[in-house]
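Take a look at the structure below.
The values are calculated or read from the model by the stated rules, or taken from the named source; none is laboratory data. From a predicted model like this one, the values you see are computed outputs, not experimental measurements. Note: ideal-geometry Cβ built from the backbone for every residue, glycine included; neighbour counts use all protein chains shown.
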């Protein structure tokens with residue numbers, strides 16, 4: 001990653017020479033606080049750094065999910081063009097909200113979230129990040145409740161923006177030209193790819209989750225079967241009974257293996273897939289922001305042109321409104337130039353981000369699918385060995 | 001197997017044995033759906049190959065349906081008390097499965113096993129009803145079926161009542177509540193207790209074996225859906241990562257097939273034998289009920305005879321003119337009583353032989369079934385492990401590039 005200051009993320013040992021700047025964050029120790037409907041989970045956020053902007057080598061703060069949302073929303077507003085790392089989903093079905101598995105998956109996702117920000121050469125310099133990592137809990141609570149309307153973008157707004165972008169993409173694809181849309185074939189291709197990717201990813205993730213569920217169900221079935229066969233063996237009592245008992249015990253052992261592998265599948269494969277889906281949705285949000293910026297640039301350019309025409313008209317007529325019109329025109333011109341700069345910055349940043357995204361994704365997905373195949377092979381191997389070890393004893397039974 | 005004089009081999013014997021060696025070989029094949037709508041049914045081809053003189057020639061093919069097998073079973077059950085009659089597959093299935101190819105295959109296999117067990121049993125193989133079943137033309141068979149008297153049309157409810165009676169008597173004895181009309185034979189009590197416990201545990205094991213089959217199928221389906229989704233993802237990506245996705249997706253679909261095949265094997269070679277074992281144990285319970293009936297009858301007749309004897313002696317003392325009549329009744333009852341005792345003792349003797357035969361056969365059958373189970377599971381797991389391992393080098397290349 002090319003950056004002004006290259007700051008390493010959490011993988012760096014804190015004992016690097018002090019000349020090498022580092023920023024290392026970890027999200028740990030989920031603890032349930034509060035009671036009843038107001039109960040929530042708090043996390044420990046530990047920051048280790050030697051950067052001068054931070055208050056010392058180590059800082060520990062307590063944060064909850066909505067604090068992470070605050071950080072995400074502020075970064076999204078301030079760093080348009082950059083793919084903001086995604087957050088895990090807001091709420092789960094009530095009864096799972098405090099299950100150990102859900103909490104573990106959320107904690108892992110939040111840890112990844114903060115670390116991606118800390119590793120990003122632009123985002124790591126954000127003041128909001130510093131606030132998030134260091135402010136005491138009262139300050140954080142005050143900031144959270146001060147959220148203005150801009151930041152409280154409702155999910156439906158996003159949906160509407162997405163729908164607009166989606167319909168505009170299809171309009172362009174169908175050849176229905178609309179004036180306030182970039183005509184950039186490369187960019188169209190990218191948008192099309194992102195939308196298609198999201199669909200296929202969501203499908204793959206859904207079926208990956210079902211796979212996890214089926215592993216669990218097979219494991220449960222094998223366990224029930226093992227118990228039943230053991231009872232059968234106790235009833236028989238002779239050498240056949242012994243063989244039954246061993247088969248039953250083996251089934252129970254394999255059931256445990258299956259449950260463990262199901263958990264591994266969930267954490268090391270299904271979750272990365274889900275994370276990938278969220279990352280793509282984050283890109284769609286940036287696409288929407290770019291569309292907004294483009295529209296704004298175009299609108300201001302239009303308005304400025306009209307103002308210029310009007311100004312020239314008033315100048316020719318030597319009207320006494322010329323002064324006023326000239327001020328308005330100048331103001332608009334500044335806004336228009338600002339809008340153009342903003343749009344061009346977003347375009348530039350997005351180009352860098354796409355490259356970064358593709359590289360990271362190829363790596364992450366390669367690892368995830370590698371873990372998947374390894375886990376499946378390991379599980380199958382263990383199962384094959386377990387059954388093979390029983391076969392000699394069963395052969396003795398069937399031939400006696 | 002110990003037999004009387006003629007030892008007849010079952011269907012595993014080649015029909016080309018020297019003609020001096022008696023053989024009786026039967027197979028039930030070719031299920032065909034006949035009839036329409038609610039009257040539709042499955043007919044089976046029953047092929048008999050034999051050199052026994054009682055049979056009409058070396059080979060005979062007849063068409064039979066499920067109710068014909070039931071006829072044979074019920075007749076054998078009535079005539080050969082004391083012998084564990086081989087069990088039939090269950091009467092009806094949920095309507096929509098009644099003609100599924102899997103159900104038909106399982107039923108055909110079970111019917112084939114049923115007839116062959118009869119043909120291999122040294123007593124049952126000599127039954128005239130068996131010969132009728134294997135040789136009579138279809139019209140004769142139909143006529144016999146419609147002639148069924150009440151004795152043979154034993155309703156399931158009756159059998160259930162008999163079982164319940166036996167069960168309650170077992171627990172009465174176990175609880176120490178002595179009832180006079182019950183054998184006090186500790187060995188036999190142990191056997192009954194074992195049979196009842198065995199049935200419970202077997203039914204449990206069979207239920208979970210069936211669920212295992214289902215879970216294999218569901219995992220296979222899941223893997224297939226997953227494979228398709230990953231292939232679409234791969235097509236969307238288009239680069240080397242995309243190729244890896246496609247390979248993984250294809251591999252998933254292949255493994256899904258393996259899982260479905262193994263699920264079918266599990267069903268036919270493991271779950272069905274377990275279910276067959278459950279039915280066999282239920283057949284033993286029916287014989288236990290028959291033995292209880294015979295014992296009760298013997299006791300009742302012995303009681304009645306004692307009373308009749310007392311009455312007869314009294315009539316003789318008072319020189320009544322009813323002595324002749326009473327003596328006649330007394331002798332009749334005595335003959336019945338002796339017959340009942342003979343019947344009961346025969347059932348006891350046969351059951352003892354049958355128990356030995358059952359234990360041996362069961363140990364063999366169960367050993368084979370569980371052996372098949374473990375082999376099938378190992379084979380499946382091996383195939384899965386090999387498939388995923390073959391993908392690892394390509395995936396490693398992706399994650400490090």
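For every residue, the table says whether it meets (1) surrounded by 15 or more Cβ atoms within 10 Å (Cβ to Cβ); (2) assigned to a loop (DSSP other than H, G, I, E, B); (3) modelled with pLDDT under 95.
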| residue | (1), (2), (3) |
| --- | --- |
| A:75 | yes, no, no |
| A:81 | yes, yes, yes |
| A:89 | no, yes, yes |
| A:95 | no, no, yes |
| A:101 | no, no, yes |
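Among the candidates A:352, A:359, A:371, single out the residue that is surrounded by fewer than 19 Cβ atoms within 10 Å (Cβ to Cβ), within 12 Å of chain B (Cβ to nearest Cβ) and at pLDDT 90 or above.
None of the others qualify; the one that does is A:371.
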Q | Set A:252, A:270, A:261: member being touching a helix residue (DSSP H, G or I) at 6+ places or on another chain (Cβ under 6 Å), assigned by the TED database to the domain that holds residue A:193 and modelled with pLDDT of 95 or more | A | A:252
Q: Assess whether residue B:149 counts as being part of a helix (DSSP H, G or I) and at pLDDT below 95.
A: no
Q. What are the residue pairs meeting all of these: first residue in the stretch B:227-251, first residue more than 7 Å from every other protein chain (Cβ to nearest Cβ) and touching a residue at least 40 places away in the same chain (Cβ under 8 Å), second residue part of a helix (DSSP H, G or I) and crowded, with 21+ Cβ neighbours inside 10 Å, Cβ atoms under 6 Å, and 6 or more apart or on different chains?
A. B:251/B:391
Q: Answer yes or no: is there a residue in the stretch B:327-340 that is under 21 Å from residue B:274 (Cα atoms) and away from chain A (no Cβ under 14 Å).
A: no
Q) So residue B:322 clears everything in (1) at pLDDT 90 or above; (2) more than 11 Å from chain A (Cβ to nearest Cβ) except one condition, right? Which one? A) (1)
Q: Identify, from the list A:243, A:228, A:301, the residue that is surrounded by 19 or more Cβ atoms within 10 Å (Cβ to Cβ) and modelled with pLDDT of 90 or more.
A: A:228
Q) Consider residue B:268 against the criteria (1) within 13 Å of chain A (Cβ to nearest Cβ); (2) surrounded by fewer than 21 Cβ atoms within 10 Å (Cβ to Cβ); (3) under 19 Å from residue B:210 (Cα atoms): it satisfies all of them except one. Which criterion is unmet? A) (1)
Q. Conditions: (1) under 29 Å from residue B:272 (Cβ atoms); (2) at pLDDT 60 or above. Residue B:171 meets all but one. Number of the miss?
A. (1)
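Evaluate the stretch A:388-400: report whether one residue or more is part of a helix (DSSP H, G or I), under 29 Å from the mean Cα position of the chain (by Cα) and in the same structural domain as residue A:292 (by the TED database).
For the stretch A:388-400, residues part of a helix (DSSP H, G or I), under 29 Å from the mean Cα position of the chain (by Cα) and in the same structural domain as residue A:292 (by the TED database): absent.
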**Q.** The lone exception for residue A:73 - which of (1) farther than 19 Å from residue A:133 by Cβ; (2) touching a residue at least 12 places away in the same chain (Cβ under 8 Å) it fails
**A.** (1)
Q | Lone qualifier among A:205, A:281 - being part of a helix (DSSP H, G or I), within 10 Å of chain B (Cβ to nearest Cβ) and either at pLDDT below 95 or within 40 Å of the chain's Cα centre (by Cα) (or both) | A | A:205
Q) Residue check, residue A:212 against (1) under 23 Å from residue B:214 (Cα atoms); (2) at the interface with chain B (Cβ under 8 Å from one of its Cβ atoms), all met but one. Which one? A) (2)
Q: For residue B:274, indicate whether it is within 14 Å of chain A (Cβ to nearest Cβ), buried (at least 19 other Cβ atoms within 10 Å of the Cβ) and over 25 Å from the mean Cα position of the chain (by Cα).
A: no
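Table: residues versus (1) surrounded by 17 or more Cβ atoms within 10 Å (Cβ to Cβ); (2) at pLDDT below 90; (3) touching a helix residue (DSSP H, G or I) at 6+ places or on another chain (Cβ under 8 Å).
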residue	(1), (2), (3)
B:29	no, no, yes
B:32	no, no, no
B:37	no, yes, no
B:40	no, yes, no
B:46	yes, no, yes
B:49	yes, no, no
B:57	no, yes, no
B:62	yes, no, yes
B:68	yes, no, yes
Q. Restricting the search to the stretch B:345-375, which residues are free of Cβ contacts under 8 Å to residues at least 12 places away in the same chain and under 28 Å from residue A:392 (Cα atoms)?
A. B:356, B:359, B:360, B:361, B:363, B:364, B:367, B:371, B:374, B:375
Q.
Go through (1) under 25 Å from residue A:366 (Cα atoms); (2) within 21 Å of the chain's Cα centre (by Cα) for residue B:241 and report which single condition fails.
A. (2)
